[in-house]
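Student: Please read through the structure below; I'll follow up with questions.
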Amino acid sequence: MKMMLSLFVLTVLCSHALSSTTETNSLVSSSSSSLWKRKDSILPNGASIHSKNGQYTLTMNRATCQLIVKKKTGKILWSSPKTKKRNCYAILRGNSNFEIMSGKITVWSNNTANKEKGKGPYRLTLDNKGNPIVKNNRMKCAWALFGCPVSKRKLRKIKRAPPKKQFELIKKLMKKQAKKRKGLPIKQLPVAKGAPKIKNQLPKILKRKTPPKKPKKKLLIKKSKARKLKKLLKRKGTGAIRKLAKSLKGKVPKKQLKKLKKLVKRGASWKKMKRIAMRKLKQKEKKMKRKIKNKKRSKPKKPKIPKTKRQLVKQIKKLTWMQKIKRAIMRRERPWKIKRMMKRLGNVRGNVRFWSKMTQMIRSRNWNQVARLIALPARQKQIEFRRPKRWVTRYRYQRYYQRWRTWYWRRTYRRYWARHCWRVWWWTRCRNYLRTQWYNYRYYYWTGAWRYRYVSYRRLE
């Protein structure tokens, strides 16, 4: 029974010890000894800190003596420099310093003790985005591996503020971040005796880049070929000249080959030819040096700033991408293709009206107008807040024209013909007689007048 009880006690103690070393949510350090037994909080070898969402872990690796920030998938986000030391542990001190220790030797440190004085206790937690953050007693960020995050309160303030104030607030934030960046380490940390040198301590920005090595000058003709050429020159004759020309084809320009042939025919020696070549090379070098000097002396001309619309249009016409568009227009390419070219090559933008005008000009092949539209694009209307429109009934006096038919008495001339018919005299049934009197008759005609009526109408307001 005694043996069984002792075994049970041992198992309980072992389980408690394992649970305390393997998994924790945060590390806490204290500046006062009354609250805590130890001032410093230790993350032992092989232990880890987890984020709230369980996606990220900060582990103290046993094998390599490294702090590793890992994703759940196994992707390493960050790791401290490798060391040959063993039995390492991470420690969060009461002065906000987060360090990797191997006995009494500091392998790695964040060096925040000078900035944070009397703001303890400190807490180290792992963010839901995998960012290890050290916070002070006021829950403010003292140090973070990937930079301190912007507080939610500040973000809300920026979102609620008007656009002008938003700009000012963002500018202030940027200035603060710039100040923090200035505090990057320029010199390496002092290394303790017998400790290994810390790798990747300085940021990559501050490390000096070594200048690129100049390529060695290679001979155009190999030494073996040069010997062959010497032998050919000694032989002389037409066959030797042909072979010489074949061997130098593609490596020497045609003009130089012709000169070489002439020299060989004259019977020039290898030394003479070398002298001529060296003389010409020196002349070329001198010319090149003069050109470089002249370039240095002559200051680069600044392009003239266009003052008028015409000058601006002229300047745009000369551009290379505009020349491509011109060719496409003259080729009678489809308008949608030319539009795509404009957007890709020249980053041309505009509203619906602008593009409709552009299509018209492309179809009519009016190149000048196309260039003008690109140089002087349509201004976009400023978006302002407007009250939503609704249908409203209104009243007004409407003018209309009313027409009607009427008549008046009209008189004829003095003489008029009247028709008389007699029934008795059958041989003269009807006859026209000339009268010398006035005759009145009704003359009908159309007339009208402008009138007004009160009318209702609907309108969007």
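Just so it is clear, none of the values below were taken in a lab; they were calculated from the coordinates. As the structure is a prediction and not an experimental result, all values here were calculated from the model. Glycine gets a Cβ as well: all are built from the backbone with ideal geometry, and neighbour counts include every protein chain shown.
Student: Suppose R0 equals 22 Å; then what is the FRET efficiency for Arg403 and Tyr452 from their Cβ-Cβ distance, rounded to the nearest 0.05?
Tutor: Approximately 0.90, to the nearest 0.05.
Student: With label points built 7 Å along Cα→Cβ from the Cα atoms of Ile305 and Arg62, find their separation and express it in nm.
Tutor: 7.1
Student: Greater than 22 Å separation of Cα atoms is the criterion. Which listed pairs, Lys254/Lys280; Lys164/Lys309; Lys337/Lys357; Lys289/Lys318; Lys75/Lys176, meet it?
Tutor: As for pairs spanning more than 22 Å Cα to Cα, those are Lys164/Lys309; Lys289/Lys318; Lys75/Lys176.
Student: Something else about it: Thr412 versus Arg290, label points 7 Å from Cα toward the beta carbon: distance in nm?
Tutor: Roughly 11.8 nm, to one decimal.
Student: A further question follows. Can you tell me how much longer the chain between Lys339 and Gln369 gets when fully stretched, taken as 0.36 nm per residue apart minus their C-alpha distance, in nm with one decimal?
Tutor: 9.3 nm
Student: I need the shape label for the range 21-149. Rule: rounded when a/c is under 1.5, else prolate if a/b > b/c, else oblate, with a, b, c from the alpha carbon gyration tensor.
Tutor: Because a/c hits 1.5 or more and a/b fails to exceed b/c, the range 21-149 counts as oblate.
Student: Test of understanding: what is the full-extension gain from Arg349 to Lys75, defined as 0.36 nm times their sequence separation minus their Cα-Cα distance?
Tutor: 94.4 nm
Student: Here is a further query. Add +1 for every Lys or Arg and -1 for every Asp or Glu among the other residues with Cβ under 12 Å from the Cβ of Gln437, and state the total.
Tutor: Summing Lys and Arg as +1 and Asp and Glu as -1 gives +4.
Student: Could you tell me the distance between the Cα centroids of the range 58-93 and the range 135-155, to the nearest Å?
Tutor: 23
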